[in-house]
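S.K.: This is the structure I have questions about; it appears just below.
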Amino acid sequence: MKTMHPFLRPAALLAALAASAVLAQQSPASRLDTRLPPGGKNVVTVDRIVAVVNDDVITQNELAERTRLVLAQLQRAGGQLPAPEALQSQVLERMINDLVQVQLAKETGVKIDDGTIEKTIQRIADDNNMSMTGFRQALERDGIRYSRFREDMRNELVLSRLREREVENQIVVTEAEIETELARIGKERGGDTEYRLQHILVMVPQQATPEQIDIRRRRALQALSELRKGASFAEISATFSDAPDALQGGDLGWRAAGRLPTLFLDSLEKSQPGDVSDILRSPNGFHIVKLLEKRGKDKAASVTQARARHILIRTKEGTSDSDARERLARLRERIAAGGDFAELARVHSEDGTATKGGDLGWISPGETVPEFERAMNGLRDGELSQPVQTPFGWHILQVLERRTEEMSEERKKLAARQTVRARKADEAYQDWLRQTRDRAFVENRLGET
């Protein structure tokens, strides 16, 4: 159990996931939509092409459907909405970028099997405390077809695996970088500053001419000018930004200082919450950063550990997910009624800890897969969990006690390595995405009549 697993943890918000999901496989270049309008005459409307991406196309209907989803998400978030034309243009850019990556994934053999998709969707439903029937109904109420949601989820998983292979697996963290990160943390007296940010990126092509660079710089200056006049950051992000999170308001959430580029930190160290940076130039383009909040977090000096035990039933031939879950539910009832957890674990658990009564020992953050750690963190000492699914199978678990320990030098180095890796992966992904887009043939026809 104490092995980090690369499995993706899905987002919990249904609408946000649907709105940010990647482009589904494209349909034929044009379709005919035949409707009978008031007046009785049969009208045939051509679903025109709005973009050509290598050998695929994006149609007006597909763009309209995705724009409706994004608009619904922005309306739920509140605030002023961007102009319809600007929003549609931004959505199309996202769709183009996603399609370029989907094509690359297909060409290089990245695939996701149906079983993985079904398990991922089941976990999303579980995260929202819904049955699959209730989940489908929630999608329908939001105007999202389940078949489309399922295909979007397949592509999101495909792109996650593609990014892992093309970017994250190529990241190398040197001992010198780890020592530099540890020194930075040491200067902050064992703590680490965290920043909650919003971000706008106006991307510059890799082989851009001086004229192209000037056009992109003026676009960034226009965005900054609108922000200085009081426009909402979310609106300007959705209108101007080329970052993947542009349609989510450019919200980066909380980021530790170690995960941020030095370019951002130099600006943020002089900023107060609410401040918007000047234009920041990087190899990828022009950035604008807004500081929302700042806090100190003493996470380098100590760590909270949990001593836990579990019973694991694996899914395999002859044992379905429902069978495993039902078996654990019955075992949980026996334990709740006074049964001996350790004895039942020795008899029933399909894990190497069975001989120890399911005892996992002391567990530090990050040592188990996210699904297990999330369930463990939600328990009070002595409380029994409901059946929990992870990539290993189904579990019931119990936290026996917790303690706060000084972080060992080894764990400090591991934490520093993870921080440096995450920062380098973020920067490398932006560079890789720009290069991948630059290599593709893209013809944007949205402005044509």
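Just so it is clear, none of the values below were taken in a lab; they were calculated from the coordinates. Just so we're clear, the structure is a prediction, and the values are computed from it rather than from any experiment. For neighbour counting, all protein chains shown are included, and Cβ atoms are generated from backbone atoms with ideal geometry for every residue, glycine included.
S.K.: Dipole of the chain, Cα-centred, from +1 at each Lys and Arg C-beta and -1 at each Asp and Glu C-beta, to the nearest 20 debye?
M.R.: The dipole magnitude comes to about 500 debye.
S.K.: Quick one: compute the contact order of the chain, relative version, from alpha carbon pairs under 8 angstrom and 6+ residues apart, as a percent.
M.R.: 20
S.K.: Multiply the residue separation of Trp254 and Thr209 by 0.36 nm, subtract the distance between their alpha-carbon atoms, and state the gained length in nm to one decimal.
M.R.: So the chain would gain 12.7 nm between Trp254 and Thr209.
S.K.: Follow-up question, since we're still on this one. Report the label-to-label distance for Asp438 and Arg48 in nanometres (one decimal), using points 7 Å from each Cα along the Cα→Cβ vector.
M.R.: Result for the modelled spin labels: 3.2 nm.
S.K.: Quick one: if the Förster radius is 56 Å, what FRET efficiency do Asp278 and Asp323 give, using the C-beta to C-beta distance and rounding to 0.05?
M.R.: 0.40
S.K.: How large is ³J(HN,Hα), in whole Hz, for each residue of the stretch 400-411 in order, when computed from phi with the Karplus curve 6.51 cos²θ - 1.76 cosθ + 1.60 and θ = phi - 60°, using x for Gly and Pro?
M.R.: Each residue of the stretch 400-411 in turn: 7, 6, 10, 8, 10, 10, 4, 6, 5, 4, 5, 6 Hz.
S.K.: Restricting everything to alpha-carbon atoms, can you work out Rg to Rh for the stretch 83-222 with a Kirkwood hydrodynamic radius?
M.R.: Rg divided by Rh gives 1.06.
S.K.: Hey, what number do you get for the chain at 222 nm if only DSSP H runs of n ≥ 4 count, each worth -39500 (n - 2.57), divided across all residues, to the nearest 500?
M.R.: Value at 222 nm, helices only, nearest 500: -15000 deg cm²/dmol.
S.K.: OK, next. What do you get when you divide the Cα radius of gyration of the stretch 148-223 by 2.2 N^0.38 Å, with N the number of residues?
M.R.: Relative to the 2.2 N^0.38 Å estimate, the stretch 148-223 comes out at 1.71.
S.K.: Another question, if that's okay. Multiply the residue separation of Glu107 and Glu65 by 0.36 nm, subtract the distance between their alpha-carbon atoms, and state the gained length in nm to one decimal.
M.R.: 12.5 nm
S.K.: Just want to confirm a number: the relative contact order over the stretch 212-335, from Cα pairs under 8 angstrom separated by 6+ residues, in percent.
M.R.: Value for the stretch 212-335: 16 percent.
S.K.: Also: For the stretch 302-406, take N as its residue count and report Rg(C-alpha) divided by 2.2 N^0.38 Å.
M.R.: This ratio for the stretch 302-406 stands at 1.03.
S.K.: Could you give the nm distance between label points at Glu175 and Ala83, where each point is 7 Å from its Cα heading toward the beta carbon?
M.R.: 5.8
S.K.: Same structure again: Which one is right for this structure if Cα Rg over 2.2 N^0.38 Å is calculated from it: (i) 1.11; (ii) 0.95; (iii) 1.17?
M.R.: Step by step, Cα Rg over 2.2 N^0.38 Å for this structure corresponds to label (i).
S.K.: If you don't mind, another one. Run the numbers for Arg346 and Asn377: contour at 0.36 nm per residue of separation, minus the present Cα-Cα distance, in nm.
M.R.: Length difference between fully extended and current span is 8.7 nm.
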